[in-house]
Amino acid sequence: MDLQSKVSELLAAWRALDDQGHDVIEGWATIPITTGGPCLLRAGRYFPSNQEALLVGFRNISFSRKDHLPQGHGFLVSRAELESDFTWFALSRQSSGSSELFSMMVKDIIDIVLSVSPSSEQFIYQAFIARINAWQDFMKRGVDGVLSSREELGLFGELEALMALIDIGISKDIVIDSWLGPLDNVHDLSFGVRGAIEIKSTLSSNAFTASISSLEQLNDSLISPLFLIGIQCSLSERGRTLVEQVDKLRVIFSDSPEMLKNFNLRLLHAGFFEVASSCYTRKFLNIELKIYQVSNDFPRITNENVPPAIKKVKYEIDLNMVSNGEVILTDALRKIGVI
């Protein structure tokens, strides 16, 4: 199915339904935009409020009326009473919501629903809800959704580390499942109780700096073993943009719909959104990668070596001045237990 044609159908259907609105006193007016397959898509408007909606119908899913449906930031998800043999969900724009941003959100949701077909209905439903939850996080960033220069570099570095793990043979499902930084985990890569990895990237040419943003990030009493990966980049035409980095990993994860879905969800939680792709023109080249085990002789500030009255810190470590703890990636992953 062609995504752009479905989006065009949706927009045309919304216009047609707006013109027909005077014929509906109260309730849903809808137009199908897909037929067949594991789920159905419809353009809809609910009258008398006349707000546009994308309706997704499932014939056989496990759903409880007590399940929480996401809403906020100008949209809501609700049950819609249409055909009795389908369970319908309506993603609707509220009057306070931006029509432009809502259209982008709907386009993305259609892409997700179509891209995971012909998966099971339950899988598509879970992908649908998870993607909307990720959109909630995205909308908290502001309307433009563009990463700052520091955030752009940081995400590039995290993706560079993911590729480094894959290149040495770590299972792709382990790699994507461990990437929990975008989901507000303390560490960028977390392997349960076995260990964790923090990733820091820099463009500094004078020093190999790692910027630390909390007392917990380098506290190995919370999780051990704990490693720090430092990635020093330069701006070079021989490098890759953030978008090219994302696309390369999408190809790597494309043989598994579940892994690709999880990767895309984490990208959105991290603040990466395709509508801003043209903003990411810088090309980063990885010129050096260093790995350190964080232990007692590693320079860091933690909850345990500052007075209790100090609650938050931000500081930088010059990794070129760290003489202890440097290891190679395979040894770090062996200590964690993933190889």
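The values are calculated or read from the model by the stated rules, or taken from the named source; none is laboratory data. From a predicted model like this one, the values you see are computed outputs, not experimental measurements. Neighbour counts are summed over all protein chains in view; Cβ atoms, including those assigned to glycine, are modelled from backbone coordinates with ideal geometry.
Within the stretch 235-261, can you find the residues that are surrounded by fewer than 16 Cβ atoms within 10 Å (Cβ to Cβ), assigned to a strand (DSSP E or B) and not basic (Lys, Arg)? Matches in the stretch 235-261: Leu235, Ser236, Glu237. Regarding Pro70, is this residue crowded, with 18+ Cβ neighbours inside 10 Å, within 26 Å of the chain's Cα centre (by Cα), at pLDDT below 85 and within 22 Å of Ala127 (Cβ to Cβ)? When the stated conditions are applied, Pro70 does not pass them. When the stretch 286-317 is filtered for residues that are surrounded by 15 or more Cβ atoms within 10 Å (Cβ to Cβ), charged (D, E, K, R) and in a strand (DSSP E or B), only Lys290 remains.
With respect to Lys283, is the statement that it is surrounded by 17 or more Cβ atoms within 10 Å (Cβ to Cβ), in the same structural domain as Thr330 (by TED's automatic domain parsing) and farther than 22 Å from Ser171 by Cα true? Let's see the steps before the verdict.
On the way: surrounded by 17 or more Cβ atoms within 10 Å (Cβ to Cβ): yes; in the same structural domain as Thr330 (by TED's automatic domain parsing): yes; farther than 22 Å from Ser171 by Cα: yes.
When the stated conditions are applied, Lys283 passes them.
Of the residues making up the stretch 241-270, those that are farther than 18 Å from Ile124 by Cα, in contact (Cβ under 8 Å) with a residue 60 or more places away in the chain and charged (D, E, K, R) number 1.
Which ranges mark the helices (runs of 4 or more DSSP H) fully within the stretch 121-216 that have 1 or more residues being in contact with a helix residue (DSSP H, G or I) (Cβ under 9 Å, 6 or more places away or on another chain), farther than 27 Å from Lys312 by Cα and modelled with pLDDT of 95 or more?
On the way: elements: 121-139, 149-167, 172-178.
Those helices (runs of 4 or more DSSP H) span 149-167, 172-178.
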